[in-house]
Amino acid sequence: MEIKDMRAFYAIVEEGNISHAASRLDVAQPALSRQMKRLEGALGVKLFERGSRRIRLTEAGRILKGRVEHILGLVDGTVREIQDVGEGSAGEVRIGTITSSGANLVPGLLAAFHERYKGVTFRVFEAEGARVLELLDNRIIEIAITRTEVENEGYASLVLANEPLAVLLQKEAPCGEAADVVRLEELEDMPVIIPLRWQAVFLAACRKAGFEPDIICLSDSIVQDVLSAKAGLGVAILPLSARSLLTDEKMVCKRLVEPEILTHTVIAWKKDRPLSAAAGNFLAMMQEQLGDTGIA
């Protein structure tokens with residue numbers, strides 16, 4: 001299998017159909033289809049389930065996707081390391097982020113970095129925490145922004161300052177007597193929407209307060225939680241910084257207190273892998289602008 005076959009296969013997987021992948025690769029759709037048929041013939045397996053507008057991978061295709069992602073990460077990472085040996089004024093910074101941190105941190109950081117390094121471009125991947133670290137391990141990204149704790153053995157990291165969880169709800173919702181805070185016990189009879197990563201600590205706090213919470217929805221998507229709360233499904237438990245996502249005057253964000261539940265953002269990179277000069281400059285700017293409470 002040649003690298004060009006891997007890139008073509010991965011483009012189809014990412015785009016979801018051959019037509020979009022052909023446009024992305026700047027090749028004719030029939031030629032790309034023939035290339036994939038030749039690849040399937042060479043491997044002796046079927047990689048795609050055809051017949052719908054959006055392609056689906058077979059079991060063999062899913063296995064190949066994981067291998068190709070890793071191989072292309074190695075190839076592209078090697079090329080970046082060779083090409084970007086200068087001061088980092090050109091090249092690409094690849095970042096993976098979860099929604100709850102990325103929506104608040106990343107846009108401002110990219111804009112500030114672009115002011116300093118006009119020749120640097122960016123590629124941002126958004127996923128849940130475990131997937132972001134998987135992309136880091138596979139060399140798809142160089143910097144991971146997550147709320148997942150990382151192992152000191154394999155990763156270096158910056159830990160940003162703690163922030164409290166908050167409750168996002170409709171203004172008319174009967175929850176919390178105060179205008180800016182909600183006491184945990186005031187959530188006893190409220191349907192709750194909460195990201196999976198905070199389920200355990202939230203449950204423990206509620207049980208310590210003497211009640212079992214009505215968790216109506218678990219979600220890995222902060223945006224989905226905001227929209228669900230806006231639709232009236234329940235109140236959403238989110239980091240306080242997520243209030244920046246509010247665009248509806250009918251919604252309000254209140255700090256969760258008694259007890260306060262804290263979370264923090266972790267910025268991680270691999271210890272055993274040198275950062276490209278551009279990514280190193282980006283990381284230095286993050287430290288300069290954000291500070292940190294600890295470096296591991």
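At-a-glance table
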quantity	calculated
Cα principal axis extents for segment 1-159, largest first, Å	48, 33, 28
Longest exposed-site-free window of the chain, the sites being GluC sites (Glu not before Pro) in a DSSP loop that have at most 11 other C-beta atoms within 10 Å	3-86
Qualifying lysines (Cα of each under 21 Å from Cα of Lys250; at least 8 residues distant if same chain)	Lys171, Lys230
Spatially proximal lysines relative to Lys46 (Cα-Cα < 19 Å; intrachain offsets below 8 disregarded)	Lys4, Lys37, Lys65
Calculated Cα extents along the principal axes in Å (choose from (i) 66, 49, 36; (ii) 102, 40, 29; (iii) 71, 43, 34), label	(i)
Distance between segment 85-141 and segment 217-296 - C-alpha centres, whole angstrom	15 Å
Share of carbon and sulfur in the accessible heavy-atom surface of the chain [1.4 Å probe, %]	51 percent
Dipole axis of segment 26-138 (+1 Lys, Arg; -1 Asp, Glu on Cβ), positive-most option in Thr99, Gly41, Ile63	Gly41
For segment 183-296: rounded, prolate or oblate by the Cα gyration tensor [a/c cutoff 1.5]	prolate
Antiparallel content of DSSP bridges confined to segment 71-193, in %, to 5	0 percent
Low-density loop positions, trypsin sites (Lys or Arg not before Pro), segment 177-261 - DSSP coil, at most 16 other Cβ in 10 Å	Lys250
Rg(Cα) / (2.2 N^0.38 Å) computed for segment 49-132, rounded to two decimals	1.42
Residue among Arg273, Arg131, Arg24 with the largest mean-square fluctuation in a Gaussian network model of the chain, springs linking Cα atoms under 10 Å	Arg24
Neighbourhood net charge (10 Å Cβ-Cβ; Lys/Arg +1, Asp/Glu -1) for Thr263	+1
Counting DSSP beta bridges with both ends in the chain, the antiparallel % (nearest 5)	50 percent
Probe 1.4 Å, protein heavy atoms only - accessible area per residue of the chain in square angstrom	50 Å²
The chain, helix-only ellipticity at 222 nm - DSSP H runs n ≥ 4, -39,500 (n - 2.57), divided by all residues, nearest 500	-13000 deg cm²/dmol
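The values are calculated or read from the model by the stated rules, or taken from the named source; none is laboratory data. Just so it is clear, the model here is predicted, and its values are computed rather than measured. Methodologically, a virtual Cβ is constructed for each residue, glycine included, from the backbone with ideal geometry; neighbour enumeration extends over all protein chains shown. Note: accessible area is taken over every heavy atom of the protein model, side chains too, but ligands, DNA and RNA are not part of it. Shrake-Rupley method; radii C 1.70, N 1.55, O 1.52, S 1.80 Å.
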